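Take a look at the structure below.
The values are calculated or read from the model by the stated rules, or taken from the named source; none is laboratory data. Small disclaimer: the values here were computed from a predicted structure and weren't measured. Don't worry about glycine lacking a Cβ; one is built from the backbone with ideal geometry, like all the others, and counts go over all protein chains shown.
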Amino acid sequence: MTYNRSLMSQIDILLPFGLPPPELAPDLIRQLKTPALATLLGRARPEPQAPEWQSFDGFASALPHEAWLAQQFGLAGRLAQGGSPPVAQAAMAMFDLEPDDGTWFMLQPIHIHVARDHLVLTDQRQLPISGQEARALFALAEPLFAEAGMALRYGDAHTWFMRADGWGDLRTSTPDAACGHNIDIWMPKGPFARDWRKLQNEVQMHWHDHAINQAREMRGQKPVNSLWLWGGTSAVMRSEQAAAQTRYTAAFNLPRWMGALGQVRDMTAEQLIAAAPQQGLLVLDALLEAALAGDWGRWLEQMQELELHWFAPLLAALKVGKIDSIALILSHNKELRSCRSSRMALRQFWLQPSLNKLL
């Protein structure tokens with residue numbers, strides 16, 4: 001039975017950390033029971049990648065999948081200068097906030113772990129913050145920023161914004177790029193970096209022993225003890241982004257910082273197949289938290305969930321012609337690669353299902 005449509009439907013799936021670390025990949029792949037993924041990969045043809053997507057510095061200011069996403073939507077202006085994607089404007093639009101003129105940055109409440117001889121940024125996904133807590137912490141920080149001449153805007157408990165018109169050349173890093181590492185390497189660099197550290201330190205001192213954090217620690221929660229600055233967007237960059245074109249006709253499940261550019265975060269495979277986007281982008285980031293934590297047992301579990309809820313139904317749709325082709329864009333922290341499978345490719349029975357493209 002075939003599915004008749006007037007337009008072809010192609011779906012690109014971005015799978016952050018779909019590539020396991022090279023040193024662990026053989027053992028992890030042996031434990032995977034993902035026949036649908038193995039079929040898609042085994043029958044897929046590698047897609048050529050521009051040189052900048054083939055190898056990444058382990059100390060880059062954005063993870064490979066973040067840089068790739070920024071490139072697709074005209075948000076890569078800062079990457080060439082060694083900074084994070086300029087995403088503040090897109091994120092502000094998600095909260096119906098008007099960026100006005102000037103330069104705006106993302107500002108996210110975080111927990112910094114004090115190790116023996118350095119400071120480590122904790123994954124923000126492991127830091128639940130209630131709206132009441134966030135509003136109170138915001139109220140403590142706002143006058144400190146106002147005294148420094150910086151305007152603050154509130155998006156939600158995890159996402160704030162700061163205006164700093166003179167800081168346009170500040171090179172920052174994404175929280176996920178810095179996650180789990182010594183933050184000194186990923187702290188803002190360049191003009192006004194010292195000014196930011198001074199302001200950050202003042203906020204940390206005001207939050208350190210506050211009743212909110214005392215109560216959190218009593219409940220066994222990590223204190224919210226600092227802020228992470230990134231994603232600076234100037235008025236010039238906003239104009240460039242407005243003029244940028246993307247090849248995607250629809251995008252689903254984009255990260256929060258790109259939420260204003262995409263559609264539906266809680267979409268199912270069945271809904272995506274029914275939508276039949278002409279050129280769709282789907283981000284599946286279920287592996288991200290486990291990979292950043294180095295929890296490869298959980299990574300295996302999440303991969304099995306993706307097999308059940310995504311790879312198997314999408315493969316079935318490809319077989320009957322509801323989808324014409326599926327590309328898998330896979331990454332880890334130092335590499336990104338892509339391959340595409342089509343309905344025609346599935347007929348190449350001599351190509352055996354295989355996960356070797358994950359090696």
Subject >> Test result for Leu336, more than 30 Å from Leu63 (Cα to Cα), assigned by TED's automatic domain parsing to the domain that holds Leu24 and not in a helix (DSSP H, G or I) >> reply: no
**OP:** State which residue is surrounded by the fewest Cβ atoms within 10 Å (Cβ to Cβ) when the search covers only region 272-304 and only residues that are polar (S, T, N, Q) and not in a helix (DSSP H, G or I).
**Re:** Gln278
Original post:
Where residues in region 104-156 are more than 24 Å from the chain's Cα centre (by Cα) and acidic (Asp, Glu), which of them is modelled with the lowest pLDDT?
Top reply: Asp117
**OP:** Identify all residues within region 305-326 that are of a type in the set (Lys, Arg) and assigned to a helix (DSSP H, G or I); write none if there are none.
**Re:** Lys319
Original post:
If Ala139 passes every condition in (1) more than 19 Å from Trp257 (Cα to Cα); (2) surrounded by 14 or more Cβ atoms within 10 Å (Cβ to Cβ) but one, which one does it miss?
Top reply: (2)
Subject >> Within region 157-177, considering residues that are at pLDDT below 95 and among the acidic types (Asp, Glu), the one nearest to Gln132 (Cα to Cα) >> reply: Asp165
Original post:
Just a yes or no: is a residue in region 56-75 among the aromatic types (Phe, Trp, Tyr), more than 19 Å from Thr233 (Cα to Cα), modelled with pLDDT under 90 and part of a loop (DSSP other than H, G, I, E, B)?
Top reply: yes
